[in-house]
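Right, one structure below, let's go through it.
The values are calculated or read from the model by the stated rules, or taken from the named source; none is laboratory data. Predicted model only: the values in this text are computed from it and were never measured. Here Cβ is always computed from backbone atoms with ideal geometry, including for glycine, and neighbour counts include all displayed protein chains. Remember, those area values only see protein heavy atoms, side chains included, never the ligands or the DNA or RNA. Shrake-Rupley method; radii C 1.70, N 1.55, O 1.52, S 1.80 Å.
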Amino acid sequence: MSARKDITKKFATQYAKAGRKEKAEILDALVRATGWHRDHARRAIRDASVRKGSISQQQRKPRPRKYSYDALVVLQEVWRLAGQPCGKYLAAVMDDQLERLVRFRELGKVQPRATLAVLNELTTMSPATIDRYLKPHKDSMYPLESLSGTRPSHILRSSIPVKSCLDSGPEVPGLFELDTVAHCGFSLKGEFFWTLSATDPLIGWTLMRTVKNKAFVNIHPGLEWIRTHSPYPIGTMDFDNGSEFINWAVITWADSHDIQVTRGRPMKKNDNAHIEQRNGDWIRKHAFRYRYETPREMELLNELWELVMARKNYLLPCVKVAGSTQTTSGRRRLIYDKPATPYSRLIASGILDDDAKTRVDKEHARLNPARITRRINAIQNELIQLAAHRTQSTRQVA
């Protein structure tokens with residue numbers, strides 16, 4: 001070991017002064033002399049170069065800041081008003097968000113900083129740069145844990161086709177994955193509200209509606225609302241194995257509207273992965289994990305979903321799997337397409353008739369992201385005031 005250390009010290013003096021090509025040659029020589037792995041040799045020669053009596057590593061000069069301070073301040077405000085998306089999604093819609101915020105004059109106190117040069121800086125920021133600059137400002141995760149209220153149905157399962165994550169996806173929009181989310185706080189006991197959610201995996205279009213409970217008398221209006229508010233016809237509904245979906249009443253309703261019904265495999269959440277992701281990113285992120293059970297709270301929740309759907313369906317992008325490849329070790333690796341809003345995917349699909357296209361175009365043109373964010377924040381504050389004490393009481397009961 002002493003001989004290896006002496007050799008390493010000798011090479012360390014040359015290594016500290018060498019260029020990239022010479023460093024590679026020195027490492028090769030050290031590996032041959034010591035028998036070390038190349039990574040270990042690199043660490044050893046770096047440690048030796050900073051020991052007492054050796055030439056210390058040169059301090060790298062800090063890279064000059066590429067973006068101005070004004071650009072960072074405006075970026076924080078744009079990110080907040082856009083709904084706090086990740087850098088990958090914000091970069092994809094930065095041009096549209098800036099155009100809307102400037103047109104509606106919603107930049108507020110940072111408006112004087114939003115010069116043409118600053119706006120150009122924002123449009124050139126990469127997703128990684130946006131995430132890096134926004135990291136100190138991102139909120140912590142919600143502390144409450146969610147509970148699952150799914151109860152398996154023991155009827156009709158053998159007569160409903162199974163759709164698994166291994167099956168090929170749909171080629172045209174119209175297949176919706178559905179699920180329910182419990183607003184129960186810390187306990188599933190008693191009466192509380194449920195949110196019925198549906199998403200189209202192909203384009204990302206998502207619909208949500210809060211209902212009183214999972215009885216068909218309440219699930220039926222929720223299903224009807226989803227069917228009538230979808231901008232294009234629903235051809236298939238894919239459920240989990242919950243008893244609120246797998247029953248004669250729901251199957252009869254689906255048959256009356258020529259809607260095919262499929263189900264996922266028991267205990268396989270990946271079969272309904274898209275709606276599970278929406279439950280977290282759309283519902284839990286905006287309504288938190290409080291217990292809601294009063295008429296006023298239901299009214300606020302459904303108003304909240306209208307705003308969230310407007311923001312997420314029209315203004316914020318998502319990605320979908322475009323294919324897969326294998327790494328050198330044989331592991332499967334997914335390939336995603338470029339971020340795009342569900343609205344743009346819907347228009348590009350060509351499935352809309354002229355009237356439906358006109359409706360969604362008008363809705364898209366009128367949206368003000370800052371106004372949506374302000375109203376969402378106001379609703380969230382009111383929901384917290386109404387439900388916080390009740391939710392804590394369910395913790396004691398549970």
Checklist entry - Which loop-located trypsin sites (Lys or Arg not before Pro) does segment 304-398 contain, where loop means any DSSP state but H, G, I, E or B and the Cβ has at most 14 other Cβ atoms within 10 Å? => result R331
Checklist entry - What's the local net charge at R311, with K and R +1, D and E -1, over the other residues with C-beta under 11 Å away? => result +2
Item to check | For segment 307-398: rounded, prolate or oblate by the Cα gyration tensor [a/c cutoff 1.5] | outcome: oblate
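If you put +1 on each Lys and Arg Cβ and -1 on each Asp and Glu Cβ, how big is the dipole of the chain around its Cα centre, in Debye rounded to 20?
On the way: 65 positive and 43 negative charges, 632 e Å.
The dipole of the chain has a size of about 3040 debye.
Which value in deg cm²/dmol, rounded to the nearest 500, describes the helix-derived mean residue ellipticity at 222 nm for the chain, given -39,500 (n - 2.57) per DSSP H run of n ≥ 4 and division by the residue count?
On the way: 15 runs with 184 residues, N = 398.
Result for the chain: -14500 deg cm²/dmol, rounded to the nearest 500.
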Checklist entry - Among bridges DSSP assigns within the chain, what percent are antiparallel (round to 5)? => result 70
Next on the checklist: Sorted from largest to smallest, which semi-axis lengths in Å does the alpha carbon gyration tensor of segment 265-357 give for its equivalent ellipsoid, taking the root of 5 times each eigenvalue?
Outcome noted: 30, 22, 12
Checklist entry - With labels modelled as points extended 7 Å from the Cα through the Cβ direction, what inter-label distance (nm, one decimal) is found for D355 paired with A29? => result 8.3
Checklist entry - If R0 is 25 Å, what FRET efficiency do you get for N247 and E191 from their C-beta distance, rounded to 0.05? => result 0.80
Checklist outcome for this item: Rounded to one decimal in nm, the spacing of the 7 Å Cα→Cβ label points at T123 and K66 is 1.7
Next on the checklist: Below 20 Å, Cα to Cα, which aspartates and glutamates can K268 reach? Residues fewer than 8 away in the same chain don't count.
Outcome noted: D167, E177, D179, D200, D238, D240, E244, E276, D281
Next on the checklist: Cα atoms only: what Rg and Dmax, in Å, come out for segment 201-341?
Outcome noted: 17.1, 57
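What does the charge count around S164 come to, taking other residues whose C-beta lies under 11 Å from its C-beta (Lys +1, Arg +1, Asp -1, Glu -1)? Let's see the in-between values first.
Working: positive: K163, R263, R265, K268; negative: D167, D238, D271.
Residues near S164 contribute +1 overall.
Taking all protein chains as present, what is the carbon and sulfur share of the accessible area of segment 242-398, in % to the nearest whole number, probe 1.4 Å?
Details: 4210 of 8400 Å².
On segment 242-398, the fraction of accessible area on carbon and sulfur atoms equals 50 percent.
What length, rounded to one decimal in nm, is gained on full extension from R4 through to F216, with 0.36 nm per residue of separation minus their alpha-carbon distance? The partial results should precede the final answer.
Values: separation 212, 0.36 × 212 = 76.32 nm, distance 7.69 nm.
That pair, R4 and F216, stretches by 68.6 nm at full extension.
Report the longest stretch of the chain that contains none of the GluC sites (Glu not before Pro) sitting in a DSSP loop with at most 14 other Cβ atoms within 10 Å. List each step's numbers first, then the result.
Working: sites that count: E145, E171, E191.
Looking at the chain, 192-398 is the longest stretch - no exposed GluC sites (Glu not before Pro) with at most 14 other Cβ atoms within 10 Å.
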Checklist entry - Using a Gaussian network model of the chain with C-alpha springs under 10 Å, which one of Q84, Q111, Q97 is most mobile by mean-square fluctuation? => result Q111
Checklist entry - Of R209, R289, R38, which is the most mobile in a GNM of the chain whose springs link Cα atoms less than 10 angstrom apart? => result R38
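Rg to Rh ratio, segment 1-130, alpha-carbon atoms and Kirkwood radius? Intermediate results must be reported in sequence, preceding the final value.
Values: Rg = 24.7 Å, Rh = 18.6 Å.
Reported Rg/Rh, Kirkwood definition of Rh: 1.33.
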Checklist entry - Where the centre of each part is set by its Cα atoms, how far does segment 345-388 sit from segment 209-272, in angstrom? => result 23
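With a probe of 1.4 Å, find how much accessible area the chain has per residue, and write the answer as a whole number in Å².
On the way: 22160 Å² over 398 residues.
Dividing the accessible area of the chain by its residue count gives 56 Å².
Which of the DSSP-defined H helices in the chain satisfy a minimum axial length of 20 Å, computed from C-alpha atoms, and a minimum mean Kyte-Doolittle hydropathy of -1.0?
Numbers: long enough: 2-17 (24 Å, -1.12); 20-34 (21 Å, -0.42); 295-310 (23 Å, 0.03); 369-397 (40 Å, -0.61).
For the chain, where a helix must reach 20 Å along its axis and average at least -1.0, the hits are 20-34, 295-310, 369-397.
In whole Å, what three semi-axes, largest first, describe the equivalent ellipsoid of the chain built from its Cα gyration tensor (square root of 5 times each eigenvalue)? Kindly include the intermediate steps, with their values, before the conclusion.
Details: eigenvalues 487, 165, 108 Å².
Its equivalent ellipsoid spans semi-axes of 49, 29, 23 Å.
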